[in-house]
């Protein structure tokens, strides 16, 4: 089985077993893990960002002829992408009904606040045999469904790839691109109005309970937004000079234990998407990526910016050499806690450290994984190899 055939298997698994494509509540949101009779939706908007990115890069590979896949076609991919974007828009609208006693009057910009998922037991209708569904939406605490900085950042990853790889050559693609751009602007505009401390407008403006402090990331977030939406620059005044200084001149360095996996995947994603560490951005990103073996983030930077900065292709061969063994090692039929080799035993290889990659996490015992990490790595690998 070659890499493209393996990718096709992962895509078939994704749309057949981990999500139901559509526009109704709960649809087009990928589960991070499943096991017989059970589906688990954790960090659903983070995985939605990667799903959007997979579809955008898949469209580019198919439409440009770089990849030929018997089970995939550009029209199906675009329809799926449209529904994935509609899912994110649905989550911004569902936030109003997701919390007890929302206020009568909301502050301006609150429509950009989103919830992590809207999965309830009705999803069982789409998956015969599933008896148990776990999601943040159905958690006892309403705080579990709130957005956070990591969800925002990885959604931008997907939306940036839409902007890069979906050309607005037809009415349908122009509409799709416009939806992606408006979503990016809206989800960034709300935290920009609260000094980049994410607050829940439906609970009196209290800080979200998980990951509220986005101010250290405000400069690259706005830099990414400016590349996605022509009006992104309107958020620049919300970024304080100290936050910009820390990002540009401090956070590009190793920072020792401060760069644990939780922090580093946010820094790596934003550095790759924004290219905001100067002319040597890619070199810094490559060095940071080696700590937990995450070549996907420097690869992201190259495919997004090499047309403007051809010198980035100096890193092409090294990144391809790092990614190829990972892709080859991934099991042919999909990823799982017990069935994957070391390196692929976490629910998402590129947000967890080496121990979790190699040994897995106990709470995922017996579960299979969505494989979105493999799929985006594959697509970036194919694009980079053709540059």
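Quick notes on this structure:
- Pairwise Cα distances in the range 337-387 exceed 18 Å in 33 percent of cases.
- Across every direction, the projection of the convex hull enclosing the Cα atoms of the range 1-156 has a mean area of 10.5 nm².
- Here the extension length gained between residue 324 and residue 64 equals 91.4 nm, from 0.36 nm per residue of separation less the Cα-Cα distance.
- A protection proxy built from the mean count of other Cβ atoms within 10 Å ranks the segments 89-99, 50-60, most packed first, as 50-60, 89-99.
- Ellipticity estimate at 222 nm from DSSP helix runs (n ≥ 4, -39,500 (n - 2.57)) divided over the chain, nearest 500: -15000 deg cm²/dmol
- Rounded Å value of the spacing that divides the Cα centres of the range 83-134 and the range 206-223: 21
- The range 3-385: relative contact order as a whole-number percent, Cα under 8 Å and 6+ apart: 19
- Taking other C-beta atoms within 10 angstrom as a stand-in for reagent exposure, 80, 5 fall in the order 5, 80, fewest first.
- Using the Cβ-Cβ distance between residue 245 and residue 293 with R0 = 22 Å, the FRET efficiency computed as 1/(1 + (r/R0)^6) comes to roughly 0.15.
- Cα gyration tensor, the chain - rounded (a/c under 1.5), prolate or oblate: rounded
Values in this text are rule-based calculations from the coordinates and carry no lab data. All figures in this text were calculated on a predicted structure; none of them were measured in a lab. As a convention, Cβ positions derive from the backbone with ideal geometry for all residues, glycine included, and neighbour counts pool all protein chains shown.
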